[in-house]
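To start, the structure itself, in structure tokens.
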Amino acid sequence: MSIFSTNSSVSPSERLGRAEIPLHEPCFVTKRPGYALEKAHLVNAPRRNKMLKSAVERFLEFCHIVALGFNLNFASNLIPLDQNLYTLARLGFIALTCFKKTLLAMLQVLFEDPFSNAEYELVVLRPDHFLPIGSTITMHTQRPVDPSRLVGKLYMVGEDGALREDYDAKSPRFPAFSAFNARDDIHRVNPFLVILKADLAFQRLRRLGDDVTQRLCSEYAELVDLTMQVADAIYHPSVVRAASRAYFAQLPEQTEGGSQKEDENMDPPGNFGSGARADEEITPQKRIGGVARSLKRKRKAAKYSRLGVEISTPGPDASDEHFRDFASYILSGRGKSASLVLSNYVLTRIFDVPLTTDDEAILKSIGLYPGDED
């Protein structure tokens with residue numbers, strides 16, 4: 001079956017976005033063609049929540065990062081990834097950001113569009129778990145004498161934790177790469193969305209403490225710093241405050257619910273058959289529903305959060321840093337809204353959805369899962 005099969009579980013907008021990606025487009029990173037590539041979202045929204053999905057889209061519009069009428073399922077927010085790379089990126093072991101030259105250009109002329117010559121980098125955040133015991137990843141390039149043929153080159157994690165041709169820290173590093181150029185201009189990968197996605201991964205890494213971030217090689221550390229500088233420029237305080245107001249203005253206009261196909265499967269099903277509701281459990285509390293179920297999910301989210309932190313809705317007197325954290329938080333795809341509509345205003349608190357069952361199983365197997373503390 002084609003990976004572009006019009007399965008009923010795929011929303012109409014997502015089906016349209018996938019249709020704008022050429023059938024022969026290879027993995028975004030390795031350039032290897034394949035029939036089982038995942039279509040990964042750069043910026044996401046909570047699954048089964050049309051209200052927040054729409055609010056996130058309008059937030060990005062207000063920040064002038066995307067064009068009017070943007071949808072998270074548009075091709076400019078989708079990249080094909082090898083299934084292994086997709087899982088590693090979801091778990092925060094690797095991150096995609098822009099090449100140093102592209103990052104510097106963004107800082108100089110932030111909103112000059114388009115960045116048709118943008119280049120990207122793969123940053124290994126957890127080298128011990130990315131390519132263990134000397135295993136390799138293959139980068140494919142076109143043969144100079146025959147561009148219709150590909151040539152593969154193997155890369156491994158070097159002694160400094162960077163992805164290199166050899167274990168020696170002086171060997172050539174995994175090269176920067178461009179996006180596939182067969183898409184129409186309007187459907188090209190948006191480098192600003194790549195930056196915001198990478199910023200989330202780098203924030204999570206820094207929350208783990210200096211002992212983790214200091215293990216990065218100097219080249220990776222520089223990419224992390226530059227990426228977060230560009231993200232800070234995108235999240236300009238005055239813009240983010242205004243965009244946050246626009247975001248909240250969206251919430252009362254729609255009702256929260258998961259019956260629409262537009263809200264389903266923002267992430268594809270996991271390897272163990274879990275789908276959009278994989279992070280839920282069948283328990284007596286769930287059968288009863290109500291406050292008990294809500295509190296249970298919220299407690300679990302705080303313990304097993306991808307972000308490791310709960311971001312409350314900023315008030316009118318909140319700091320610039322609070323607004324910036326909230327902006328990146330709602331773009332993580334891990335937020336969950338608990339809303340109470342009273343007359344003309346909404347009381348909302350955003351908290352993180354727990355890891356899926358598949359993610360928990362992987363993290364447990366490598367000793368990076370906190371476990372139950374009840």
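The values are calculated or read from the model by the stated rules, or taken from the named source; none is laboratory data. Small disclaimer: the values here were computed from a predicted structure and weren't measured. A quick note on method: Cβ atoms are made from the backbone with ideal geometry, for glycine too, and the neighbour counts reach across all protein chains shown.
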Subject >> Inter-residue pairs, beta-carbon under 9 Å, first more than 23 Å from Lys53 (Cβ to Cβ) and in region 314-332, second at pLDDT 70 or above and in a helix (DSSP H, G or I), 6+ apart >> reply: Gly315/His322; Ala318/Phe326
**OP:** Just one of (1) touching a residue at least 60 places away in the same chain (Cβ under 8 Å); (2) over 19 Å from the mean Cα position of the chain (by Cα) trips up Ile133, so point out which.
**Re:** (1)
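If we scan region 145-152, do we find a residue that is under 17 Å from Pro80 (Cβ atoms) and either touching a residue at least 12 places away in the same chain (Cβ under 8 Å) or more than 23 Å from the chain's Cα centre (by Cα) (or both)? It would help to see each step written out before you state the result.
Narrowing region 145-152 to residues under 17 Å from Pro80 (Cβ atoms): 150.
Narrowing further to those that are either touching a residue at least 12 places away in the same chain (Cβ under 8 Å) or more than 23 Å from the chain's Cα centre (by Cα) (or both): 150.
Yes, region 145-152 has at least one match.
Taking region 186-198 as the search range and keeping residues that are among the β-branched types (Val, Ile, Thr) and not in a loop (DSSP other than H, G, I, E, B), which one is nearest to Ala89 (Cα to Cα)?
Within region 186-198, the match that is nearest to Ala89 (Cα to Cα) is Val194.
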**OP:** Output the residue which, of all residues in region 17-51 that are over 16 Å from the mean Cα position of the chain (by Cα), hydrophobic (A, V, I, L, M, F, W, C) and not in a loop (DSSP other than H, G, I, E, B), is surrounded by the most Cβ atoms within 10 Å (Cβ to Cβ).
**Re:** Met51
Subject >> Residues (more than 17 Å from Phe70 (Cβ to Cβ) and either among the polar types (S, T, N, Q) or modelled with pLDDT under 80 (or both)) located in region 20-52 >> reply: Thr30, Pro46, Arg47, Arg48, Asn49
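Yes/no per residue for (1) crowded, with 18+ Cβ neighbours inside 10 Å; (2) at pLDDT below 90; (3) in contact with a strand residue (DSSP E or B) (Cβ under 6 Å, 6 or more places away or on another chain); (4) farther than 19 Å from Ala89 by Cβ:
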{"site": "Phe180", "(1), (2), (3), (4)": "yes, yes, no, no"}
{"site": "Phe202", "(1), (2), (3), (4)": "yes, yes, no, no"}
{"site": "Asp210", "(1), (2), (3), (4)": "no, yes, no, yes"}
{"site": "Val240", "(1), (2), (3), (4)": "yes, yes, no, yes"}
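Evaluate the following for Leu96: is it at pLDDT 85 or above, farther than 29 Å from Ile234 by Cα, aliphatic (A, V, I, L, M) and within 18 Å of the chain's Cα centre (by Cα)?
Numbers: at pLDDT 85 or above: yes; farther than 29 Å from Ile234 by Cα: no; aliphatic (A, V, I, L, M): yes; within 18 Å of the chain's Cα centre (by Cα): yes.
Taking the combined requirement at face value, the residue does not satisfy it.
How many residues are in a helix (DSSP H, G or I) and either farther than 23 Å from Ala182 by Cβ or hydroxyl-bearing (Ser, Thr, Tyr) (or both) if we restrict to region 69-88?
Here is the first cut: in region 69-88, the ones in a helix (DSSP H, G or I) are 75-77, 83-88.
From what's left, either farther than 23 Å from Ala182 by Cβ or hydroxyl-bearing (Ser, Thr, Tyr) (or both): 76, 84, 86-88.
Residues meeting the conditions: 5.
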Original post:
Does Lys170 fit the bill of being surrounded by fewer than 18 Cβ atoms within 10 Å (Cβ to Cβ), out of contact with any Asp or Glu (no Cβ under 8 Å at 6 or more places or on another chain), over 22 Å from Leu72 (Cα atoms) and among the charged types (D, E, K, R)?
Top reply: yes
Subject >> Complete set of residues in region 168-185 that are free of Cβ contacts under 8 Å to residues at least 60 places away in the same chain and not in a loop (DSSP other than H, G, I, E, B) >> reply: Arg173
Subject >> Given (1) closer than 24 Å to Thr102 by Cβ; (2) in a loop (DSSP other than H, G, I, E, B), number of the condition Leu223 does not satisfy >> reply: (2)
Original post:
Name the residues in region 55-69 that are modelled with pLDDT under 85 and either more than 24 Å from Asp199 (Cβ to Cβ) or surrounded by fewer than 20 Cβ atoms within 10 Å (Cβ to Cβ) (or both), would you?
Top reply: Arg58, Glu61, Phe62, His64, Ala67, Leu68
Subject >> Of residues in region 57-93 being within 24 Å of Cys27 (Cβ to Cβ) and aromatic (Phe, Trp, Tyr), the one nearest to the chain's Cα centre (by Cα) >> reply: Tyr86
**OP:** Considering only region 149-167, state which residues are part of a loop (DSSP other than H, G, I, E, B) and surrounded by fewer than 18 Cβ atoms within 10 Å (Cβ to Cβ).
**Re:** Arg149, Glu159, Glu165, Asp166, Tyr167
